[in-house]
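What follows is a set of notes on a single structure, which appears directly below.
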Amino acid sequence: MLYSEIIATGSGLAERVIPNDFFSYLVEDADNWIQSRTGIRERRFVHPHQATSDLATDAAKNALLQAGMDASELDCIIVATSTPDMSLPATACMVQKNIAAKNAFAFDMNSVCSSLVFGIDTADSFIKAGKCRTAMVIGADTYSKILDFNDKGSCPLFGDGAGAVILRASEKKTGLLSSMIKSDGSGWELIQVPSSGSRKPVTAETIDNKENFFYMEGKKVFIFATDIIPKIIEEVTAKAGIKPADLDYIIPHQANLRIIDHITKKTGLAREKFLLNLDRFGNTAAASVGLVMDENRRNGTIKPGSLVLVMGFGGGLSWGGLLIQF
């Protein structure tokens with residue numbers, strides 16, 4: 001049986017550090033107001049001339065460097081994003097050109113903040129089916145491009161970033177051991193950019209109505225997240241024949257510290273098992289779990305043999321989880 005071993009990870013970080021005080025025009029004592037509600041201290045935004053493919057390319061190059069391999073060895077590139085450079089062509093094809101991955105097929109996936117989890121699960125299926133041997137999946141988003149900076153309920157939450165993962169076929173029982181991906185389309189309206197496609201193309205009127213910006217029903221999304229995360233943990237570990245207590249670490253989607261605190265109380269899992277970068281990067285959407293994975297592999301927290309559950313949840317509504325043996 002083939003397994004998908006994680007052989008490398010990489011990050012692409014925006015240069016501009018945006019502290020909470022940036023939002024002082026929206027709310028008094030912005031730093032305390034944002035930290036107390038979300039756990040976020042700062043986030044990063046790209047420069048106006050930069051796009052999602054720029055961060056994705058940086059993450060890809062860093063992952064290739066860590067793997068000690070040439071881009072020509074890649075068979076597949078998936079860019080998991082809900083903020084592509086443009087509606088067409090695929091951002092993955094731009095990254096393919098940038099890194100000279102001449103032998104790969106490339107495409108985008110969009111499951112909003114669950115996108116990287118969906119992408120890794122898809123790459124694993126390709127590997128097990130024999131369609132490719134080595135795949136790169138990049139979660140990348142630049143939400144600073146779609147935020148309404150007059151909406152204090154959403155604009156302080158997000159940051160820009162990219163996290164890349166390289167998977168390779170292995171006969172060793174390592175890498176991705178179990179997974180699940182799911183969606184519930186009845187909740188699609190909770191997270192959206194109303195004027196961004198064929199249903200409601202961007203016009204002067206939709207711009208005036210701010211319909212080209214990100215919209216989220218925060219309270220309902222919080223309820224969804226706190227309900228679904230324990231179910232992800234239970235289902236993914238049960239599929240692998242282990243218990244949640246056997247996990248070394250959990251990498252949750254970095255949405256809100258309140259959600260994480262709620263989950264630790266609900267599941268009884270130790271807070272120290274949850275790896276976070278939310279305080280420094282905010283919610284980086286599809287990039288969030290990839291960035292945490294890369295940082296903790298590089299700093300030695302995640303070691304060879306570590307058993308880690310990675311999970312995502314977001315628009316669609318969508319959610320999923322991956323059990324990875326590093």
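The values are calculated or read from the model by the stated rules, or taken from the named source; none is laboratory data. Quick caveat: nothing in here was measured; it's all calculated off a predicted structure. Every residue, glycine as well, gets a Cβ built from its backbone with ideal geometry; the counts of neighbours run over all protein chains shown.
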Condition test on ASP31, is it of a type in the set (Asp, Glu), at pLDDT 95 or above, surrounded by 16 or more Cβ atoms within 10 Å (Cβ to Cβ) and within 30 Å of LEU323 (Cβ to Cβ)? no
Of those in the stretch 160-191 that are farther than 22 Å from PRO84 by Cα and among the hydroxyl-bearing types (Ser, Thr, Tyr), the residue surrounded by the most Cβ atoms within 10 Å (Cβ to Cβ) is SER179
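Go through the residues of the stretch 224-236 one by one and say whether even a single one is of a type in the set (Ser, Thr, Tyr), in a loop (DSSP other than H, G, I, E, B) and either in contact with a Cys (Cβ under 9 Å, 6 or more places away or on another chain) or within 25 Å of ASN110 (Cβ to Cβ) (or both). Step through it out loud before you land on a result.
Initial filter on the stretch 224-236 (of a type in the set (Ser, Thr, Tyr)): 226.
After this cut, where a residue has to be in a loop (DSSP other than H, G, I, E, B) as well, the list is none.
No - not one qualifying residue is present in the stretch 224-236.
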Go through the residues of the stretch 149-159 one by one and say whether even a single one is surrounded by fewer than 17 Cβ atoms within 10 Å (Cβ to Cβ) and among the hydroxyl-bearing types (Ser, Thr, Tyr). no
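In the stretch 96-109, which residue that is crowded, with 20+ Cβ neighbours inside 10 Å and under 17 Å from the mean Cα position of the chain (by Cα) is farthest from ALA51 (Cα to Cα)?
Kept after step one, since they are crowded, with 20+ Cβ neighbours inside 10 Å, are these residues of the stretch 96-109: 96, 99, 101, 104, 106, 108-109.
Applying the additional criterion that residues be under 17 Å from the mean Cα position of the chain (by Cα) yields 108-109.
Details: ASP108: 15, MET109: 17 Å.
For the stretch 96-109, the residue satisfying everything is MET109.
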Is one or more of the residues making up the stretch 110-127 of a type outside the set (S, T, N, Q), more than 19 Å from the chain's Cα centre (by Cα), modelled with pLDDT of 95 or more and not assigned by TED's automatic domain parsing to the domain that holds ARG280? yes
Residue under evaluation CYS132, criteria (1) surrounded by fewer than 17 Cβ atoms within 10 Å (Cβ to Cβ); (2) in a loop (DSSP other than H, G, I, E, B), criterion not met: (1)
What pairs come out if I take residues in the stretch 307-322 that are under 25 Å from TYR3 (Cα atoms) and in contact (Cβ under 8 Å) with a residue 24 or more places away in the chain and pair them with residues that are of a type in the set (A, V, I, L, M, F, W, C) and part of a loop (DSSP other than H, G, I, E, B) whose C-beta lies under 6 Å away, six or more apart or interchain? LEU307/LEU247; LEU309/LEU247
Filtering the stretch 1-17 down to residues that are of a type outside the set (Asp, Glu) and crowded, with 19+ Cβ neighbours inside 10 Å yields TYR3, SER4, ILE6, ALA8, THR9, GLY10, SER11, GLY12, LEU13, ALA14
Would you kindly identify the strands (runs of 3 or more DSSP E) lying entirely within the stretch 1-119 that contain at least 3 residues that are more than 30 Å from ILE259 (Cβ to Cβ)? 3-13, 105-109
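Yes or no, residue by residue, for (1) in the same structural domain as LYS61 (by TED's automatic domain parsing); (2) under 19 Å from ARG298 (Cβ atoms); (3) out of contact with any helix residue (DSSP H, G or I) (no Cβ under 8 Å at 6 or more places or on another chain); (4) of a type in the set (D, E, K, R):
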site	(1), (2), (3), (4)
THR9	yes, yes, no, no
LEU13	yes, yes, no, no
VAL17	yes, no, yes, no
ASN20	yes, no, no, no
TYR25	yes, no, yes, no
GLU28	yes, no, yes, yes
ASP31	yes, no, no, yes
ILE34	yes, no, no, no
THR38	yes, no, no, no
Identify the residue in the stretch 271-299 that is out of contact with any Ser or Thr (no Cβ under 7 Å at 6 or more places or on another chain) and farther than 29 Å from VAL46 by Cβ and, among all such residues, is surrounded by the most Cβ atoms within 10 Å (Cβ to Cβ). LYS273
